[in-house]
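The values are calculated or read from the model by the stated rules, or taken from the named source; none is laboratory data. Bear in mind that the values here come from a model prediction, so they are computed numbers and not experimental data. Note: ideal-geometry Cβ built from the backbone for every residue, glycine included; neighbour counts use all protein chains shown.
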Amino acid sequence: MNIYADRGNLLVLAHRCAWRGIGFELSSSGIGEPLYPDAHDLFYLGGGQDRDQRLCAEDLIETKRSALHGAAAREAVVLGVCGGYQLLGHSYSLGADEIPGVGLLDVRTVREDGPRLIGNIAIEVSLGDGSPATDGNDRILAGFENHGGRTYLGPDARALGRVVKGHGNDGRSGFEGVRNGNTIGTYLHGPLLPKNAWFADWLIATSLRIEGSELAALDDGLEKAAHLSARHAAGL
Amino acid sequence: MAGLLAPKLALARAVGAVSRLRGGGASSAPGKVLMRLDPSAIGKLGGRLQRGSVLVSATNGKTTTTTMLAEILERAGLSLVHNQTGANMAGGIASSLLAATDSRGRISGELGLFEVDELWLDSLAAQLRPRAVLLGNLFRDQLDRYGELETIVDRWAAAVRTGPARDSMLVLNADDPVIADLGRERDAPVLYFGIEDDSLALEGMAHAADAKHCRRCGAPYVFEAVYLGHLGHYHCPSCGQARPVPTVIATHVTLQGVQTASFTLQTPAGEAEVALSLPGLYNVYNALAAAALATALEVGLPEIVAGLQGTKAAFGRAETVTLDLELTRGAAGGQKSNQRDLQIMLVKNPAGANEVLRTLALEPGEHDLLGVLNDKIADGRDVSWIWDADFELLAGRVRRATCSGTRAPELALRLKYAGIDPAHIRVQEDLESALREAAGDRSDPHAPLYALPTYTAMLAMRELLVARGEARSAWS
């Protein structure tokens, strides 16, 4: 699936690895194609329109479910954004219809009556160990959300962050996204990583199983300006 | 009914005059007032048009296609009521009808020619009962406002199959699978247009391609040729749905940089060479769409060709203005009579931006760019679409990029990840300063400055240029 400029996330990972001399190879796994849990350091699931999402959901269950569980078990990074986030949970209910998910995250998503949750958003996240942050581990992720589904956390789920501005998972709880080890789901696109280069670096370091401080510093003047622009748009 | 309508017309007109005096180009204000006074005013006034109305909608190209149609239809001797400022929702169309109606309620026009916002097609068709509807393309655009592409497709399908446009002649782009599918399962006639030129085929689909799966059965389409986004020659290997054979066709397409394009136009009435004063394949599609609707209205081929060739760039769409560098430098300006051309190319979604970038890449040498990214409601609050546009086409081709607008830093970052050296990228959020700095980089009218603004940025830029006397007002 690729909507809402998922390509931006991939470009940022590719360039920030290349500028540091870290080898980066991108492969895609389309409908019906197998997925190998040990072949990759990071697995990315983007967003899709309802129709595409349904096609992808069937395929995820049929051909990729066990590989994703295998990848998560060996602590590879799995990142789902928007539709990808919803499909990493247990299920997505549209009225009487229920699309099953991969079940890597303890969440259920429901399409309810009421408006889509749309707008600029900023959340505060605490990534704990492995964070490249030098100014404390609580950091801001800024982006744009646009989802009809409301995502509810199960007893085993821990939110990715606290909503500072915007709607978040369900528009009420004040939480956004979910994290289970190195598996992360979030509604933030816009896209996510260009607006939050520090988080891209956290993903790269975590994928490589190194400390963030071991990554070579880059000239991030434009990255920081873009981050501030997105925060400002969210009203922060 | 006219007796009841007349005072409402007068009141709405007065409100329009006041809002203009206040300095706004508020082209939809009087219409909005009229709609509040009489919600069925569009139907009542439109019903007085002797030859009825035609509607034009698409994600990209509505304004240019309608401008071309106006040129053609006027040459064919038709007098038009036309929403030429691009105000394309109910208020704008009501304003156009109001402006054409005199104090006795008589309308000065035979045919209504209206470009229509995608989400307003069904309700405006219900009021106007159009004799023909032209649907050009659907690309993803402003997901925060329009929702998913499927939502629009479903509404359009309902409108043209069982809804208010079920009896209208349909003019459809055969090369857009989503649009072409709308022509099936209906009784009223359909006329298809399309491009047939193997030399234009791209390798693979663009990142922003939107219609990969068959509307009928969900299987992925097989494309024999992709011309632009998801437009091309295709078929579904599963259910057999295929591109309809068009009756109005462009062959032998030649694209000449940012200035012109030409092609051979084939219609049932014959064949002719068309030389456009507009650039890019997207404008060939616009011209073909206009030619097809004109053909459906039984306009002769000579008028069609003359109209297409006589069309100048619409408002902010490949329009060129000459900047006076004295003005851009302010009172402290240096040399005299320094001038520089500024070409404005609206970009508002990935598919449209890709065609502009592709056209720009046809020009040799290094370019100076002024990109203006706004995130107001009319632009779409979500600016992620810039990551789906192929700015990579300009890598190594940018001498200086100035980024402006409410989300300027994010555009600058996009250019950096597209492979443009950050040392060549400047961020200046204020538009007037950005224009001054970008234009002042080089005083050579033969090295044009290319402006790529989003919709509200384009309006702001034109307003600035009009105030300085460098561009003509669209409202005059």
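At-a-glance table
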| quantity | calculated |
| --- | --- |
| Search result, residues across the range B:416-470 that are touching a residue at least 24 places away in the same chain (Cβ under 8 Å), hydrophobic (A, V, I, L, M, F, W, C) and more than 16 Å from residue B:366 (Cα to Cα) | B:427, B:431, B:434, B:435, B:457, B:458, B:459, B:460, B:461, B:464, B:465 |
| Helices (runs of 4 or more DSSP H) completely within the range B:77-189 that count 1 or more residues being free of Cβ contacts under 8 Å to residues at least 60 places away in the same chain and over 17 Å from residue B:28 (Cβ atoms) | B:121-128, B:143-146, B:149-161, B:177-180 |
| Matching option when the condition is assigned by TED's automatic domain parsing to the domain that holds residue B:284 and either of a type outside the set (Ser, Thr, Tyr) or modelled with pLDDT of 95 or more (or both), among B:21, B:45 | B:45 |
| Tally of residues being within 16 Å of the chain's Cα centre (by Cα) and closer than 25 Å to residue B:383 by Cα across the range B:116-146 | 12 |
| Residue within the range A:184-193 that is of a type in the set (Val, Ile, Thr), in contact (Cβ under 8 Å) with a residue 12 or more places away in the chain and out of contact with any Asp or Glu (no Cβ under 9 Å at 6 or more places or on another chain) present | yes |
| Some residue of the range A:190-201 being in contact with a Leu (Cβ under 8 Å, 6 or more places away or on another chain) and within 14 Å of residue A:89 (Cα to Cα) | no |
| Candidates B:99, B:58, B:94, filtered to the one that is under 18 Å from residue B:170 (Cβ atoms) and in the same structural domain as residue B:175 (by TED's automatic domain parsing) | B:58 |
| Any hit, the range B:424-433, residues being more than 14 Å from every other protein chain (Cβ to nearest Cβ) and either within 30 Å of residue A:17 (Cα to Cα) or not charged (D, E, K, R) (or both) | yes |
| Search result, residues across the range A:31-63 that are part of a helix (DSSP H, G or I), in contact with a strand residue (DSSP E or B) (Cβ under 9 Å, 6 or more places away or on another chain) and more than 14 Å from chain B (Cβ to nearest Cβ) | A:60, A:61 |
| Residue within the range B:274-287 that is buried (at least 24 other Cβ atoms within 10 Å of the Cβ) and farther than 30 Å from residue B:449 by Cβ present | no |
| Selected residue (only one of B:279, B:237, B:246 is under 30 Å from residue B:163 (Cα atoms) and in a loop (DSSP other than H, G, I, E, B)) | B:246 |
| Filtered residues of the range A:52-68 (kept if crowded, with 16+ Cβ neighbours inside 10 Å and over 15 Å from residue A:86 (Cα atoms)) | A:64, A:67 |
| Considering residues of the range B:85-94 that are of a type outside the set (A, V, I, L, M, F, W, C) and in contact with a strand residue (DSSP E or B) (Cβ under 9 Å, 6 or more places away or on another chain) only, the residue modelled with the lowest pLDDT | B:86 |
| Matching residues in the range A:212-236 - criterion: being within 19 Å of residue B:422 (Cβ to Cβ), within 11 Å of chain B (Cβ to nearest Cβ) and of a type in the set (Gly, Ala, Ser) | A:221, A:225, A:226, A:229, A:230 |
| Filtered residue count, the range A:185-224, keeping only those that are assigned to a helix (DSSP H, G or I) and either in contact with a Gly (Cβ under 9 Å, 6 or more places away or on another chain) or buried (at least 18 other Cβ atoms within 10 Å of the Cβ) (or both) | 18 |
| Residue in the range B:388-405 that is of a type in the set (A, V, I, L, M, F, W, C), more than 26 Å from the chain's Cα centre (by Cα) and within 22 Å of residue A:188 (Cβ to Cβ) present | no |
| Residue check, residue B:379 touching a residue at least 40 places away in the same chain (Cβ under 8 Å), under 23 Å from residue A:142 (Cβ atoms), more than 11 Å from chain A (Cβ to nearest Cβ) and of a type outside the set (Phe, Trp, Tyr) | yes |
| Counted residues, the range B:95-133 - those being charged (D, E, K, R), at pLDDT below 95 and surrounded by 21 or more Cβ atoms within 10 Å (Cβ to Cβ) | 1 |
